[in-house]
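I have placed the structure first, in the form of structure tokens, so that the comments after it can refer back to it.
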Amino acid sequence: MIRTENIFKAFGDKTVLHGISTSFYKGKTNLIIGRSGTGKTVLLKLLVGLLTPTEGKVYYGDTDFFGLNKKEKRQIRMKVGMLFQSSALFDSMTVEENIRFPLDMFTNHTAKEKNMRVDYCLERVNLSGINSKFPSETSGGMQKRVGIARAIVLDPEFLFCDEPNSGLDPKTSILIDELIRSITQENNITTVINTHDMNSVMEIGENIILLHQGHVAWRGNKDEILETENEILTDFIFASPFLQRLRAAALNK
Amino acid sequence: MLFNFFYHFGRYLKMMGTALTRPEKLNMYYRETTRQMIDIGIGSLVIVGLIAIFIGAVTAIQFSYQLDGTLVPRWYIGYIVRDSTIIELAPTITCLVLAGKVGSNIAAEIGGMRQKEHIDAMEIMGVNTANYLIMPKIIAALFVIPLLVAVGAFISVIGGYAATVFTGLLSNAEYIQGVRSFFVEKNVTMMFVKALVFAFLLTSVSAYQGYHVKGGSIELGQASTNAVVYSDILILLADYLLAVFFTQ
């Protein structure tokens with residue numbers, strides 16, 4: 001589990017996050033949703049330690065992450081996998097080298113063991129056989145899946161996904177969502193996803209927080225969304241007239 | 001202005017403190033260092049050779065013109081070409097050129113990785129990114145650039161020979177006599193010390209510019225330009241200080 005306690009983050013005079021206190025649960029897909037510019041990515045970067053909070057604490061289990069020294073932080077980070085919005089695959093390396101990079105850097109496995117692990121991860125994301133391709137030779141959806149394979153190669157306890165569906169067609173988005181959910185459940189890990197994709201919210205939102213102007217405006221799960229009277233959430237989720245009609249129809253049933 | 005200087009200097013020192021620590025996985029660093037050695041060394045051989053040959057040739061021709069009609073023996077040209085090349089031209093000009101070629105490349109490579117979130121991805125994995133991305137480049141440069149400078153000095157002397165002997169300004173014997181006269185070993189030491197210092201400066205300053213780049217392609221271009229400009233300024237400053245130190 002990951003817990004944040006009264007997190008504030010300011011850049012110069014501008015405060016982006018105002019006292020965020022929330023929890024992200026193990027074995028669940030935890031979603032951070034909200035409009036662009038509400039501080040979702042900042043919160044995610046704070047959770048993984050790429051940014052330091054101006055005030056407040058982030059707990060991994062019972063450990064205060066920002067209270068640790070560099071070496072201790074590294075131990076936590078080795079339990080973290082992250083899928084970036086841009087996939088962030090190293091373009092000078094092949095798919096196999098990308099996935100093997102954490103294994104090369106942090107394990108003493110033999111070459112055979114590493115290859116087996118890479119093949120397993122590629123198989124897990126349904127991309128067997130593309131080991132020798134370069135990221136530029138693969139599609140956006142494939143790059144996301146390679147990013148997931150790299151993120152899970154060290155068997156992380158915490159998986160972070162920044163906009164995993166951005167730039168993908170709806171069908172591929174569903175595939176990615178399903179993949180993330182099944183990995184979360186199979187490995188019983190804490191997954192935090194930053195998204196504004198409504199399909200993701202309604203499909204895999206087991207624990208959702210809505211950020212609005214740097215505050216937590218709503219928290220709940222996908223089943224509670226339809227019934228909520230929270231204006232900020234309904235404005236955000238059912239922004240289009242089509243979705244508003246769908247909601248009305250669902251509520252009338 | 002002064003605050004800005006101390007801000008960047010402090011940040012540079014902090015980055016170098018993180019970069020120059022014990023590597024986590026030696027074989028990964030070895031692989032990266034050899035890749036950089038090939039990139040910097042083999043990749044720069046042609047341009048260094050080309051510049052060196054012209055430096056030698058132009059120095060020889062210029063001195064031949066200046067000494068014409070004086071009482072200074074003509075074979076002094078070989079001696080002047082050799083010493084000016086070893087003491088000053090080979091290390092300084094080579095490293096100024098390498099600041100343009102290697103330095104801008106380092107800044108662009110690391111800066112591009114920063115912008116494409118590659119550095120963030122590595123940091124989340126737990127990689128000491130300053131260490132992994134910068135130290136191999138510095139070590140590779142410290143090995144390869146002095147060798148390039150030595151090769152450049154040798155080619156420069158050949159360039160001087162070609163420009164004078166093949167055109168009939170000097171005889172073969174005169175040039176060789178000049179090259180073999182008044183040899184001071186300390187000058188070669190000075191050349192290698194200069195090459196080492198300049199190599200460190202151009203790689204670390206360029207890496208600093210790339211590592212801290214923010215924004216988009218315009219900022220990346222600026223970082224690459226700054227890498228060359230600041231490396232060149234620091235190389236010239238260090239050149240002066242080393243000249244004072246070695247000649248006192």
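Convex hull volume of the C-alpha atoms in chain A, normalised per residue: 138 Å³.
Relative to the first principal axis of the alpha-carbon coordinates of chain B, what is the inclination of helix B:185-211, with its axis defined by its Cα atoms, in degrees from 0 to 90 and to the nearest 10? For B:185-211 against chain B, the angle is about 30 degrees.
Going from the chain on its own to the full set of protein chains, region A:105-119 has these residues losing 30 Å² or more of accessible surface (heavy atoms, 1.4 Å probe, no ligands, DNA or RNA): A:105, A:106.
Roughly to the nearest percent, how much of the accessible area of chain A is carbon and sulfur, given a 1.4 Å probe? Carbon and sulfur together cover 48 percent of it.
Let me make sure I get this right: for region A:1-62, a, b and c are the square roots of the gyration tensor eigenvalues over alpha carbons, sorted descending. Under 1.5 in a/c it's rounded, otherwise prolate if a/b > b/c, else oblate. Which is it? It is oblate, given that a/c is not under 1.5 and a/b is not larger than b/c.
Rounded to the nearest 0.05, what FRET efficiency do residue A:182 and residue B:35 give with R0 = 41 Å and r taken as the Cβ-Cβ distance? Could you check? Once rounded, the FRET efficiency stands at 0.60.
Defining a contact as two alpha carbons under 8 Å apart and six or more residues distant in sequence, what relative contact order in percent does chain A show? Intermediate results must be reported in sequence, preceding the final value.
Numbers: 444 pairs, mean separation 68.1, N = 253.
Computed over chain A, the figure is 27 percent.
Roughly how large is the B-A contact in terms of buried accessible area, totalled over both chains, probe 1.4 Å, nearest 100 Å²? Don't jump to the answer; show the numbers that get you there.
Numbers: alone 13060 and 12740 Å², together 23840 Å².
What B and A bury together is about 2000 Å².
With every protein chain kept in the model, how would you rank A:182, A:128 by accessible area, 1.4 Å probe, largest at the top?
Working: A:182 30, A:128 80 Å².
I get A:128, A:182, largest accessible area first.
Just the protein heavy atoms count here, and of the accessible area of region B:104-248 at 1.4 Å, carbon and sulfur take up 69 percent. Let me know the shape class of region B:1-117, please: from the alpha-carbon gyration tensor, a ≥ b ≥ c as square roots of the eigenvalues, rounded when a/c is under 1.5, otherwise prolate if a/b is greater than b/c, or oblate. Verdict is prolate for region B:1-117. Under 20 Å from a label point set 7 Å out along the Cα-to-Cβ vector of residue B:180, the amide N atoms of region B:128-163 belong to B:154-163. Reducing region B:109-169 and region B:18-92 to their Cα centroids gives an inter-centroid distance of 13 Å.
So for region B:157-213, what are the equivalent ellipsoid semi-axes in whole Å, largest first, each being the square root of 5 times an eigenvalue of the Cα gyration tensor?
Numbers: eigenvalues 296, 53, 4 Å².
That gives 38, 16, 4 Å for the three semi-axes.
Per-residue ellipticity at 222 nm for chain A, helices alone: DSSP H runs ≥ 4 residues times -39500 (n - 2.57), over residue total, nearest 500 deg cm²/dmol? Mind dumping the intermediate values first?
Numbers: 10 runs with 104 residues, N = 253.
Helices in chain A give a 222 nm mean residue ellipticity of -12000 deg cm²/dmol.
With 10 Å² as the minimum drop in accessible area between chain alone and full protein complex (1.4 Å probe), the qualifying residues in region B:13-52 are B:18, B:24, B:25, B:28, B:31.
In order along region A:43-48, the phi-based Karplus estimate (6.51 cos²θ - 1.76 cosθ + 1.60, θ = phi - 60°) of 3J(HN,Hα) comes to 5, 5, 5, 5, 4, 8 Hz; Gly and Pro are listed as x.
Students sometimes get this wrong: rank A:246, A:168, B:133 by accessible area, probe 1.4 Å, all chains present, largest first.
Order by accessible area, largest first: A:246, A:168, B:133.
Placing +1 on the Cβ of every Lys and Arg and -1 on the Cβ of every Asp and Glu, with no other charges, gives chain B a dipole of roughly 320 debye about its Cα centre.
Note on region B:27-247: Cα Rg divided by 2.2 N^0.38 Å, N the number of residues, gives 1.18. Accessible surface of region B:21-76, 1.4 Å probe: 68 percent of it comes from carbon and sulfur atoms. In the context of the full set of protein chains, chain A has a per residue accessible area of 47 Å² (1.4 Å probe). Excluding ligands, DNA and RNA, the accessible surface per residue across chain B is 49 Å² with a 1.4 Å probe. Rolling a 1.4 Å probe across all protein chains gives residue A:73 an accessible area of roughly 50 Å². Binning the alpha carbon pair distances of region A:87-155 at 10 angstrom intervals from zero yields the distribution 24, 60, 16, 0, expressed in whole percent. You can think of it this way: the chain between residue A:250 and residue A:136 has 36.7 nm of extra reach, that is 0.36 nm per residue less the Cα-Cα gap.
Grab the Cα-Cα distance for residue A:25 and residue A:231, subtract it from 0.36 nm times how many residues apart they are, and report the gain in nm with one decimal.
Length difference between fully extended and current span is 71.6 nm.
What is chain B's relative contact order, in percent, from Cα pairs under 8 angstrom and six or more apart in sequence?
Numbers: 337 pairs, mean separation 82.5, N = 248.
Computed value for chain B: 33 percent relative contact order.
Take region A:35-79, drop everything but the C-alpha atoms, weight them equally and run the Debye formula without solvent; then report log10 I(q)/I(0) at 0.15 Å⁻¹ to two decimals. Debye output, listed in q order: -0.39. Judged by the mean number of other Cβ atoms found within 10 Å, the most tightly packed of the peptides B:55-68, B:80-93, A:48-61, A:4-17 leads the ranking B:80-93, B:55-68, A:48-61, A:4-17.
Given a 1.4 Å probe and heavy atoms of the protein chains only, how would you sort A:218, B:75, largest accessible area at the top?
B:75, A:218
Solvent-accessible surface (1.4 Å probe) assigned to residue A:196 amounts to roughly 80 Å².
Please report the antiparallel percentage of the DSSP beta bridges confined to chain A, to the nearest 5. Don't jump to the answer; show the numbers that get you there.
Values: 19 of 36 bridges.
If I count the DSSP bridges inside chain A, around 55 percent turn out antiparallel.
Inverting the pair-averaged 1/r between distinct Cα atoms of the protein assembly as shown gives 26.2 Å as its Kirkwood hydrodynamic radius. Once the Cβ-Cβ distance of residue A:219 and residue B:27 is raised to the sixth power relative to R0 = 45 Å, the FRET efficiency obtained is 0.45.
The values are calculated or read from the model by the stated rules, or taken from the named source; none is laboratory data. Small disclaimer: the values here were computed from a predicted structure and weren't measured. Ideal geometry is used to build each Cβ from the backbone, glycine not excepted, and the neighbour counts take in all protein chains shown. When the accessible area is computed, the model is the full protein with side chains, heavy atoms only, and any ligands, DNA or RNA have been set aside. Shrake-Rupley method; radii C 1.70, N 1.55, O 1.52, S 1.80 Å.
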